[in-house]
Structures are given as C-alpha cells and as structure tokens.
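The structure appears right after this line, and notes come after that.
The values are calculated or read from the model by the stated rules, or taken from the named source; none is laboratory data. These figures come from a predicted structure and were not determined experimentally. Cβ sites come from the backbone with ideal geometry, for glycine too, and all protein chains shown count toward neighbours. Side chains are part of the model used for accessible areas, which takes the heavy atoms of the whole protein and leaves out ligands, DNA and RNA. Shrake-Rupley method; radii C 1.70, N 1.55, O 1.52, S 1.80 Å.
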Amino acid sequence: MRVPFGKGMRTGIVVGPADAVPDVEMRTVDDRLDLGPLLDGGRQHWLDRLRRYYLAAPGEAWETALAWAANDELRRFRCADKAYLEDFSPELAACFRTRAAISLKTIAARCPEPGIRYRTLLALQAGLLSEEIPDAEAPVVSETPKPDLTVTQQQAVDAVLAARGTFNPFLLFGRTGSGKTEVYLRASEEIVKAGGQVLVLVPEIGLTPMWLNRVAGRFARSAVWHSAMSEPERLQVRRNLADTEVLIGTRSALFLPLTKLSLIVVDEEHDASFKQQEGMSYSARDMAVLLAQELNIPVVLGSATPSQESWRLASEGHYRRLDLPEAIVPQAPISPEIIDVRGIDAPVSDALKTALLDVKERGEQAILFLNRRGYSPALQCTACGDVPECPHCTLRLTLHRRARSLRCHACGYSRHVPPVCAVCGESALMPLGEGTEKLDEWLNVNLSELRIARFDRDVMTSHSRVVKTLVAFEKGEIDCLLGTQMLVKGHHFPQVTLVGVINADLGVSLPDFRAGERWWQQMTQVMGRAGRGDRPGRMVIQTRMPEAPWLSRVAGNPAQVLDEELELRRQLHFPPFARWVRIVFSSTDAGKALAAATQHAELLRRLPGIELSGPLPCSLERLAGRSRFELLLRDPERKTLPWKLEPLLEKISVPSSVRRKVDVDPLDMM
C-alpha cells in the first residue's frame, strides 16, 4: 500500500486485520500496489521466524523480503486500444497519449489521483494494457554430454529423491572435482519432471554464468537472480517466475515466491558471502534450511570444506551426510609445494615462474590467487615513515596505480595520489606489498609470452565482463587467470593444471577465531581448481612462514581437519557449541556511542547464563566516519540467545545520533 505519512508518502505492508483504535484519526490509503499477497501464508510465517531469530524490526524484515518488488515504478505498459481503456478508466486512458509504452512512474505523474497504480494493474489483468519487457538474452549452452554417475553419486541422487515431499536436510560432502554439481542436476531433473521447481543458491555473482551454462542445457526454462541485474532483466524473471524450472541466484533469490518450490540447493554452503551484513543480518544458508522446513521439502547443502555449523549438525545426525570421496577423473592427490619467499623482492618466485612457463609450453592453463585488490595495500614515505590513512576509517588507503588514486576498501573514500608526502613534503613515496594490479603489471613485463587476465572487483565491474572473461578462459584464449577469492569458488576449468598462491599468509592472523577455518577452506578451494581434467594438477604456495603448522592442513584429510577444529571449538565453548550475539554501536560522536553501549551492557548483564564482554572498541574502530563500540554476548548452552534478548532491547531507547546493529551468529568480528 501507498499511504500518507506526515507530509509525504510511504510504502506500507498489510499483514492482517487490526482492532479499531479509539481517538485516532484514520487516513485514507492513497494506492494499492499489488493485486494480491506477494508472499503466501507459509512464507509469511517463515519470514516472521526469521525476523524473531535475527532480532530485526518488522519493517526491516519486510523491506528485505520484498526488495525484489521494490522498483515496480519502472514497469512499462502499452495501450493498444484506447477506446476500451476509456470505458474502464478515463483517467488512466488519458495517460496514454500515444501508442508508445510508458512507465508506471509516468502514469502516476500524469494522473496523481489516488488508486491509479491499482487501476493500472487491474487494466493489465483484464487485457486492456500490455506490459513491455525486453526478451532475456539467450544463455550460452554447454555442449558437454551428460556423464555417467559414479556409485556414490547415484546413491546421493537416490537419497535426495527419496526425500521428496518431506523436510530432509542433506550435507553433500565431496572433495573438489567429485561431481557435486551433477548430483544437484540429476536430482533437479526428476523434481522438474514431477512438476516442481528448484532453487539453487550460490555465494558469488561470478558463479551464476557457470551454473546457467550447465542448467540451460538440461532445462527449458531456467533463470538467474542477483544484484548486478538490470531492472528489465529482473522484470523478465518475475514475469516468468511461475514457469521457471530452475532458478539460480545469490542470497536475495531466497525471497522470490516460487510457488512450486520442491528442492533447495545451497552450493558452497560454507561461504561467508551467504551472510547478509547490510540491513537485516541473516544467513541465507540457515534460512534456506528453515524455508525447506516450512515448505516440507528437502534441502541440499554442498561443499568440499563444510562450515563447522553444518559439520556439527551432520555429526550429530540432524543433517544426513552424503559423501563423494573420489574425484570424477581419478588423479594422484596434489601435494602442495611450499616456497619460502623471505628475502625475495619479486611477487613471483623463480620456482613459480618456471612452472608458469612449463604450463604455457604444454598448452595448459594456470590460476594465480592473491586475495588483495589494488596495486599495493599501502603507500609509505621512506623519508618520515608516514602511511596515508582513510580520514573516515582506521584503515590504510590502498594504492590503485592505474587510476592514480588512494582508496579505502571499507567506506569507498578516494583521493588522488599526492606527488609528495603530506607530512614531510619529501618526494619519497613507495608502494608497500603487492595487490592483484601490481601482480598483473609484473607478469606482463616478466612473463610477456603469457596471455594474462585479471579477475577481481576492480576489473570485473559488470556481469557481462565476468561472463566474457570466464568464457574466454574456458575456450583457452587466456593462459593465466589471476584474481582474488571470487575466482576460486566452484569454477570448473579442465585445462587448469597449475594453481599458485602468491601470498598464503594473508588473512590467517586476523583477530577472529574463524580465521584458521576460513584460510583452510580458501586454500582447499584454490587447490581444487587444478587437475580437474585428464592431466594431473600442481599447487605452489608462496609463504614467509614455511614452518607454520597450518600449512600441513592443506594436504590433510578434510574430515580429520574438520573433526579436529570441531573438537577445539567444543573445548573452548565457541560456536557452533555456543550462540553469540554481537551488538555494535556507532556514532560520529564516540562518547555517545560508548554511552549507549554502556547503558545496554548494564541491562543485559542481568540475563541469566549469559557471558558479556564490553563495551570495547571494535577491531575496526572507525568506519565511514563513525566510531564503533561492541558488546559480545555468549550463550554457552544455546538456550537463552537470541530469543530472550528481544524484550530487553525493546526497553532501551537508542539516541537518534547512535546506530545499533544487532548481529546474531556473527561471522564478521571486525
């Protein structure tokens, strides 16, 4: 509904009837924006469970859930016969001055009467108007023949199909290259044959081209959904949603109302990208399981490196574990080669350089992984030692040399690279360390015979560029692809026989108890990009800590690594054996943020069985000009949090100058 609020208009959600409120002036609804409910009863109940668990305000939850329907003002309509429309609504007919299509926004501007949007939708339903939506671009269809299933793959498919029509969560645990995707596809084929729909959630936009490539060859009506889509593309998906057989999307696709949804797949379920950080914080993986429970359908979580949360649930029998222990193409296990780069100035060691040339000579391909964007992570004056920092955050500015700028990767602040040091005035500025841009420059100078492409967020600025680069690499038009973590998630390139990790030490020492888990997952996924075809793979890891014990985990037994980490968490009473809630208070005035955090701490300490730390400055103390303080609540028994926290939070008023961010099951501890 579009309702008057103060001197303006707001969008409101009708969730049910209300009792009459005495002595309150009622105002007339300005317009109705839909012909019927956007979510059915089951999904509304699911959304309410989601809201209560993540301690979100009702408006925040509905805004997240209906974001896919937020831009209806851009929908375009055409009137073929104005005479019929005039009989229905003269005011609406007057908006169509020519046969050209016009937007709903234009209609509302030409006829600002109450109810004009609703009348437009009724006219569309009656066939008096037609909606203009550009045809979707045809996906690139894979020509790969359908492979024969292995015994374990067939067993996994049979298990999923046997669970049709019931809530059954599965953890599909298979090493990289073991054929998890084929299990998803075969199960989906049977689901679709029976008239159902399948939702596949992926962590990165970069994975949707690969998935659509595979799905388009098996299903007549497939679609993708992600944040980089244009509004016409989104409208195309929405118009055909009822007939879509398989929908592939990032976490926001979870809220699209697939009316015949019969199976949910969460690929790379361990990935932190499934956790929404802006607005209402929620885990798309966990909410997919909850939705499957609400709809009474099976859900498959797949990963070669499962999260500790899913591993624990599978170990305790809450999830059924399906194992794929062998690769589809049998190869000798990869033994990572550890290269000590202490004392080496070049970003690529001689050993890795030689390996890259060997790959080129054999007509194979390579992937280089460096999880750091930009040219250098910092710029330092060698005369006085000053390092430029973001004026709004407690972070150094990253050098982007080609753009001649220093940028903050947290808040987006940017400024030109100064010719001299701002502190001492000397012309002695030197880049520190290397990012993907610097590595790209070095490779083009020192290995010019290689055809190299860079794959990070600075270069992959649109979905079309992502698709173009991946297709070129798949066709063999690129010898070496270098990039950040978006490159190593789930991609399948059979000609890749070498993966090189430029700096394996990044991220392992962060002040976060999950840092070691994430490092191992990342390295295992990187290793899994090599040797997926009929040629053996090789992994070269460059490090300045070659004796570090965590390096041995890369070549270890994944199940053993997961069990050891789970036991450590059990002994420490850390998640997933405890439930944590992190509350961050931020303000442009540090004193006000600290005061609000202190007020909350005094009340929340009364919760029985809860351990509370803080208020303390966050690890990232200032972000986007706001000082940040945190409270961390720990529930070792998982019985109190988060449910008993909601009434207490409702009692405490937060000053308008302070933002309070509640994060249940936090993944970001910075």
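If you wrap the Cα atoms of the stretch 179-326 in a convex hull and average its projected area over all directions, you get 9.1 nm².
Estimated at the nearest 10 Å², the accessible area of ARG396 is 130 Å² with a 1.4 Å probe. Using a 4.7 Å Cβ-Cβ cutoff, the cysteines of the chain lacking any partner cysteine are CYS79, CYS95, CYS111, CYS411, CYS480, CYS618. Shape of the stretch 383-474 from the C-alpha gyration tensor: oblate (a/c of 1.5 or more and a/b not above b/c, with a ≥ b ≥ c the square roots of its eigenvalues).
Projected over all directions and averaged, the alpha-carbon convex hull of the stretch 53-198 occupies 14.9 nm². Ligands, DNA and RNA are left out, and with a 1.4 angstrom probe the accessible area of the chain is 46 Å² per residue. Relative to the dominant Cα principal axis of the chain, helix 41-53 is inclined by about 50°. Which of the listed residues, SER462, GLY165, LEU247, is farthest toward the dipole's positive end in the chain, when Lys, Arg count +1 and Asp, Glu count -1 at the beta-carbon? The residue sitting most towards the positive pole is SER462. When LEU149, LEU104 are compared by accessible area of protein heavy atoms, the largest-first order is LEU149, LEU104, using a 1.4 Å probe. Run a plain Debye calculation on the chain (Cα atoms as equal point scatterers, no solvent) and give log10 I(q)/I(0) at q = 0.06, 0.07, 0.10, 0.11 Å⁻¹, rounded to two decimals, same order as the q list. So the normalised log intensities are -0.40, -0.54, -1.12, -1.33. Counting only lysines at least 8 places from LYS468 when in the same chain, those with an alpha carbon closer than 21 Å to its own are LYS489. The loop-placed trypsin sites (Lys or Arg not before Pro) in the stretch 66-109, going by DSSP, that have at most 13 neighbouring Cβ atoms within 10 Å of their Cβ come out as ARG97, ARG99.
Loop-resident GluC sites (Glu not before Pro) (DSSP state other than H, G, I, E or B) in the stretch 1-72 with no more than 13 further Cβ atoms inside 10 Å of their Cβ: GLU25. Toward the positive end of the charge dipole of the stretch 499-557, with +1 on the Cβ of Lys and Arg and -1 on the Cβ of Asp and Glu, the farthest Cα among GLY533, PRO511, PRO546 is that of GLY533. Just want the answer: with Cβ charges of +1 for Lys and Arg and -1 for Asp and Glu, which residue in CYS424, CYS384, LEU395 is farthest toward the dipole's positive end in the stretch 322-434? Value: CYS424. Solvent-accessible area of the chain (1.4 angstrom probe, protein heavy atoms only): carbon and sulfur portion equals 51 percent.
Among LEU356, LEU648, the sequence by solvent-accessible area, most first, with a 1.4 Å probe is LEU648, LEU356. Ellipsoid fit via the Cα gyration tensor, the stretch 485-585: semi-axes of 29, 15, 15 Å, each the root of five times an eigenvalue, largest first. Note on the stretch 406-493: with charges restricted to the Cβ of Lys and Arg (+1) and Asp and Glu (-1), its dipole about the Cα centre is near 380 debye. The stretch 374-437 and the stretch 483-505 have Cα centres separated by 28 Å. Residues TRP580, TRP550, sorted by accessible area with the largest first, give TRP550, TRP580 [1.4 Å probe; ligands and nucleic acids excluded].
In the structure displayed, which of LYS193/LYS475; LYS105/LYS661; LYS180/LYS475 lie more than 28 Å apart, Cα to Cα?
LYS193/LYS475; LYS105/LYS661
Given +1 at the Cβ of Lys and Arg, -1 at the Cβ of Asp and Glu and no other charges, the dipole of the stretch 140-241 around its Cα centre is 180 debye to the nearest 20. When only the Cβ of Lys, Arg, Asp and Glu is charged (+1, +1, -1, -1), the dipole of the chain relative to its Cα centre reaches about 880 debye. Helices in the chain, meaning DSSP H runs of at least 4 residues, each add -39500 (n - 2.57). Divided by all residues, the mean residue ellipticity at 222 nm is -9000 deg cm²/dmol.
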